[in-house]
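Just so it is clear, none of the values below were taken in a lab; they were calculated from the coordinates. Predicted model only: the values in this text are computed from it and were never measured. Here the Cβ positions follow ideal geometry from the backbone for every residue, glycine too, while neighbour counts run over all protein chains shown.
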């Protein structure tokens, strides 16, 4: 009798574990990925139009050095530069934000994500969590002179650095969740604007 | 800015009837164009003086005289043509065709008085604006087509349409300049010599006596002008295209539909490609036909172009085309020239067909030419601000091409081109039919095979002959180019004896010469695989900013020739060369980034550098770039395009010393 009870318990545990596994080849999971990418892409594009690029009345050299400093301070690795026109950067997704920032992002972006997951996966979709594990954020920053100043444009892309998500059934995706992206942009711009005007002034004095 | 010196030009304030010379606007092989003042009407005019420098010179009394007695006939003949055609030109009244006010003879030569147009030549305009929108281009080309219609209806063609001859007035309206009334004067005495603008002249201008030319010739020129605007570079020269077709049955010219993809409408690009068809019969046969194709583009909701609107407002003030007749001038020399043209054209056709045939039989031994675009060859001459540049001078002398008739061909004097072609091609044509026949006749399988082999051998032999002939012609062309270049250099040196520019000459000249010499030496050493010695020469050159040396040095570091292989240093030198606009370096840099040479893989940058390469007219890596599209976020395409524009404009600058590798190290 006890033997049967133990077996039943094991079965329940296994079934529970099965619920949280993700099979990326499952068409339903693929459907979640697609819809999520589509939705987040829309949000990302709207946000990109709003805060993806800014114009600053300063010379490109000042802007470039300032932006590089800001990104380094935020923990980005500068992987590549091209003159003072381009910065190729990356950072582990979990290092991009503080714990508090992640909490805020989860509160904003996770519900929408779960809704989509549930739509395709049923109740299992509720296990989906927004987590940054296994993702690298690749950033492309371009700086071009325009109208007596410099246009700075930033795009981000998510890159999976692990084959499958570790603990969540959240599928791999390319676009950052909208609120996370906005938070990231604001962090960069705010810090840049705090740092660079003094730099520019110093330069003027020289 | 120092004023340019023009040898043979009339001095400032010189009076020609009631015109006072103010300055030279341009000088070329056919004459000199001046800015002058009409003292009667108190207005500026442009005056073109007939002075073909190859046959005439200015005398001490300022009159124009033939250089030698033997040049007299040529000079006179050209003068007559100049006068006749100028008179015809003066009859045209169209706002987009240069307006001729009058013509007169003085100083033993002739003068053409034209409206003085203020603006900028389209080639300069394009250099400045890089790429114009489809609507902007239509606003330029449609009014000119309208003017050409008139011209063609009178039986004349321009024969030298190119960006340098399309002027954009200050009000934005276009005007077609320089119908080159004197051009034939120089061409007359030369056997099969034609003076054309490479990249803008269709093949029939190289190989025909005029009969094969018609409105489609001008349409080609306009198509090539649009191509230059769309692709950023001139289209491939017709000779090169013919060589490409002979070599591989593939046109070496990147079609506009590819070059302008994504930036211009498909219909618009197709219209350009149609105008640029290699064979004249494949092109639109008249302006109306092509105009319809361009108007069909009309997705761009064709509001009446600004230029046309201006025409409506001031219809009387401007206009007038000058042209030349479709029929060549009768002259004693005409017949032999025509025969030579027929033979040459036939040879080309023969080679084309035979090459196609060989390919069909799977015997493609020809080398595949690289698809790439050459740099724009249009030259600006005269003061940049000056209007009415002359066509003649924009075709540098070295671009004149002399094609002699094949000596061994026996062609009857009145044999038509078609007949000649047919007779030469006949043996190659029925091969396929005979082959089928042979297969169907089981009894004669063996003999059919023999027949087939014989025909193949015959076709190969003919193809070889044709190729050899083409090679000979091209070699001759090269020799002629070299000769003319040498002549040009002699003239330049002679002219340089005049007012010296003391601050520059002593320093710059020798250094450039030395650099070139050292670079050549280094290349030779590399060819001989003496890499260490080459390295010794290349390093200082590269350090002083010589892009070619930087590129070669990068390759040596990459391959470990003459030095320990070092990808990081290779990348660094390659970047420096690429930034200076060295196209091979840009190409390799993109592939470095794509492949992650030196541990730095950046597909965004690879994609961007391929775009820069394309902006420079090199489309050999379009497929690689497209393959990278999947690696980028679609939102990054415009960002890459914008960056490419920035890098393109920054070309020629020296790269800041902080390379990524340096920082990493």
_Distance between modelled label sites at residue B:41 and residue A:126, nm, 7 Å Cα→Cβ extension_ = 9.1 nm
*FRET efficiency, 1/(1 + (r/R0)^6) with R0 51 Å, evaluated for residue B:544 and residue B:104 via beta carbons*: 0.40
_Kirkwood hydrodynamic radius of the stretch A:23-205, from inverse mean 1/r over distinct Cα pairs, in Å_ = 17.5 Å
_Rg/Rh for the stretch B:507-664, where both radii come from Cα atoms and Rh is the Kirkwood radius_ = 1.00
*Quick one: pull the percentage of alpha-carbon pairs in the stretch B:78-123 with a separation above 13 Å.*
60 percent
*Would you mind calculating the gained length between residue B:128 and residue B:17 on full extension (0.36 nm times residue separation, minus the Cα-Cα distance), in nm to one decimal?*
36.1 nm
*Take B:54, B:73, A:145 and order them by how many other Cβ atoms sit within 10 Å, fewest up front.*
B:73, A:145, B:54
*In nm, to one decimal, how far is the residue B:285 label point from the residue A:95 one, both placed 7 Å along Cα→Cβ?*
7.1 nm
*Among B:102, B:70, what is the fewest-to-most ranking by other Cβ atoms within 10 Å?*
B:70, B:102
*When N counts the residues of the stretch B:573-652, how does its alpha-carbon radius of gyration compare numerically with 2.2 N^0.38 Å, as a ratio?*
0.97
*Spin-label model distance (nm) - residue B:478 vs residue A:72, 7 Å beyond Cα toward Cβ*: 5.3 nm
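Compute the relative contact order of the stretch A:23-205 as a whole-number percentage, counting only Cα pairs closer than 8 Å that sit 6 or more residues apart in sequence. Provide the component values of the computation, followed by the final result.
Numbers: 281 pairs, mean separation 56.3, N = 183.
Averaging sequence separation for qualifying contacts and normalising by length gives 31 percent for the stretch A:23-205.
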*Arrange A:196, A:150 by Cβ neighbour counts within 10 Å, fewest through most, would you?*
A:196, A:150
*Enumerate the residues in the stretch A:133-163 having an amide nitrogen under 20 Å from the point lying 7 Å beyond the Cα of residue A:30 toward its Cβ.*
A:160, A:163
